[in-house]
1. For the range 42-86, how many residues are closer than 18 Å to SER30 by Cβ, of a type outside the set (Phe, Trp, Tyr) and either open to solvent by less than 70 Å² (accessible area, probe 1.4 Å) or in contact (Cβ under 8 Å) with a residue 12 or more places away in the chain (or both)?
2. Among what's in the range 158-174 and is in a helix (DSSP H, G or I) and buried (at least 16 other Cβ atoms within 10 Å of the Cβ), pick the residue that is farthest from the ligand (Cβ to nearest atom).
3. For the range 60-82, what are the residues that are near the ligand (Cβ under 9 Å from one of its atoms) and of a type outside the set (S, T, N, Q)?
4. Within the group VAL107, VAL14, which residue is touching a residue at least 24 places away in the same chain (Cβ under 8 Å) and either open to solvent by less than 20 Å² (accessible area, probe 1.4 Å) or within 12 Å of the ligand (Cβ to nearest atom) (or both)?
5. Any idea which of GLY150, GLY135 is within 12 Å of the ligand (Cβ to nearest atom), touching a strand residue (DSSP E or B) at 6+ places or on another chain (Cβ under 9 Å), within 30 Å of LEU191 (Cα to Cα) and open to solvent by less than 20 Å² (accessible area, probe 1.4 Å)?
Amino acid sequence: MKEIFIATSNLHKVEEFKEMLQPLGYNVKSLRDLDETIEIIEDGATFEENAYKKAKSVYDVLNVDVISDDSGLCVNAMDGAPGVYSARFMGEDTAYDIKNQAIIDQVQNADDKGAQFVCVISHVKADGSHKEYRGEVHGEINDRMLGSNGFGYDPIFYYPPFATTLANVEPDKKNTVSHRGLALAKLLEDLQ
Ligand code: IMP
């Protein structure tokens, strides 16, 4: 059986990757399966850089096929912020209700309310070569938080084709259009 390593300890991400990769015959492992700790420094200026750095840190220790992803919300009226700092925006431990309200406040008087969720998956192969896959979903910052599904910035991300926010639709429906789903679909096309 082919083995692929996911450079994350985030259970939600591990499960999502397992669901997609196991049917293709991959045995999926993650940082949760290791006894040792691998230091991963996420200090890149772009999603591509961060995704690659995470995968490469793990590849350098294990020398196997590694996948990792980096994602975030880019708001036009905030010059693309919080972008690669999405998890750290206003502090890692700050509640998303507070982060989301701060974004609404900054965008409400702007002419351009556009925003994108971006996800880049990096695949470092056992031979050391690497490739990145990018997925984006385009929408707008809503004027209030809406919905209780999803996580993070989903309650303020209005997706016009659904006529509501991503937090206000079922997870399966979000996955059909999401940045992570799109990047993953591109990776799967290559793996097949
Ligand atoms: P990462 O784990 O370094 O990729 O950080 C991703 C951060 O971007 C998350 O902590 C969220 O703040 C935000 N984010 C990424 N994808 C989504 C999404 O699908 N919905 C809402 N927020 C997201």
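The values are calculated or read from the model by the stated rules, or taken from the named source; none is laboratory data. All figures in this text were calculated on a predicted structure; none of them were measured in a lab. Backbone-built Cβ (ideal geometry, glycine too); neighbour counts: all protein chains shown. We work out accessible area using only protein heavy atoms, side chains counted, and drop any ligands, DNA or RNA first. Shrake-Rupley method; radii C 1.70, N 1.55, O 1.52, S 1.80 Å.
1. Going through the range 42-86, the residues closer than 18 Å to SER30 by Cβ turn out to be 42, 50-71.
Within this subset, residues satisfying the condition of being of a type outside the set (Phe, Trp, Tyr) are 42, 50-51, 53-58, 60-71.
Restricting the remaining residues to those that are either open to solvent by less than 70 Å² (accessible area, probe 1.4 Å) or in contact (Cβ under 8 Å) with a residue 12 or more places away in the chain (or both) gives 42, 50-51, 53-58, 61-71.
Of the residues in that region, 20 qualify.
2. First, the residues of the range 158-174 that are in a helix (DSSP H, G or I): 160-162, 166-168, 171-174.
Then drop every residue that is not buried (at least 16 other Cβ atoms within 10 Å of the Cβ), which leaves 166-168, 174.
Working: LEU166: 7, ALA167: 8, ASN168: 13, LYS174: 7 Å.
The extreme case among them is ASN168.
3. ASP69, ASP70, GLY72, LEU73, PRO82 - these are the residues of the range 60-82 that are near the ligand (Cβ under 9 Å from one of its atoms) and of a type outside the set (S, T, N, Q).
4. Details: VAL14 fails: touching a residue at least 24 places away in the same chain (Cβ under 8 Å).
After ruling out the rest, the residue left standing is VAL107.
5. On the way: GLY150 fails: open to solvent by less than 20 Å² (accessible area, probe 1.4 Å).
Being within 12 Å of the ligand (Cβ to nearest atom), touching a strand residue (DSSP E or B) at 6+ places or on another chain (Cβ under 9 Å), within 30 Å of LEU191 (Cα to Cα) and open to solvent by less than 20 Å² (accessible area, probe 1.4 Å) holds for just one of GLY150, GLY135, which is GLY135.
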